[in-house]
1. Among all residue pairs at least 6 apart or on different chains, which show Cβ distances below 7 Å where the first residue, located in the range 63-85, is more than 18 Å from Ile32 (Cα to Cα) and the second is open to solvent by 60 Å² or more (accessible area, probe 1.4 Å) and part of a helix (DSSP H, G or I)?
2. Please go through the range 47-89 and pick out each residue that is assigned to a strand (DSSP E or B) and open to solvent by 30 Å² or more (accessible area, probe 1.4 Å).
3. What are the residues in the range 14-46 that are among the hydroxyl-bearing types (Ser, Thr, Tyr) and assigned to a helix (DSSP H, G or I), if any?
4. Check Lys4 against each of (1) touching a residue at least 40 places away in the same chain (Cβ under 8 Å); (2) part of a helix (DSSP H, G or I) and name the one condition it does not meet.
5. Give the number of residues within the range 2-46 that are touching a Leu at 6+ places or on another chain (Cβ under 9 Å), open to solvent by less than 60 Å² (accessible area, probe 1.4 Å) and of a type in the set (S, T, N, Q).
6. Please specify each residue of the range 6-43 satisfying the condition of being within 19 Å of Ile78 (Cα to Cα) and of a type outside the set (A, V, I, L, M).
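The values are calculated or read from the model by the stated rules, or taken from the named source; none is laboratory data. In this text, all values refer to a predicted model and were calculated from it rather than measured experimentally. Neighbour counts are summed over all protein chains in view; Cβ atoms, including those assigned to glycine, are modelled from backbone coordinates with ideal geometry. Surface accessibility is based on the protein's heavy atoms, side chains included, excluding ligands, DNA and RNA. Shrake-Rupley method; radii C 1.70, N 1.55, O 1.52, S 1.80 Å.
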Amino acid sequence: MGMKGRTTKQVRAIMQKTFTQIKAQYPQAELIDTIISEVPPVDNNIAMWYLGKSIELLAGADMVFFVDDYHLYRGCTIERRIAMDYGKLCADFKTK
């Protein structure tokens, strides 16, 4: 799920709804909060900075779910590629 153009509140609501559906199929799943509240340094490539922070969070996951149309978002496809290259279990998940 891409975050571009969505507010933090919208993203949190989508994440919670999605996680509830994932939890129904994978009861042992735990959500890693991937909303980054840090402010990027000045004169930085903001999108790349946020992507780096997301990759840091991926390092702590046992399994990573990629939701709905994730493949339409550059950051999501990069995260999936990295997760797979580094041996993380990845799954596509379609919300209802």
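1. Cβ pairs passing all conditions: Thr77/His71.
2. Met63, Phe65, Leu89
3. Across the range 14-46, the qualifying residues are Thr18, Thr20.
4. If we test Lys4 against (1) touching a residue at least 40 places away in the same chain (Cβ under 8 Å); (2) part of a helix (DSSP H, G or I), just (2) comes out false.
5. 1
6. Within the range 6-43, Asp33, Thr34 meet the criteria.
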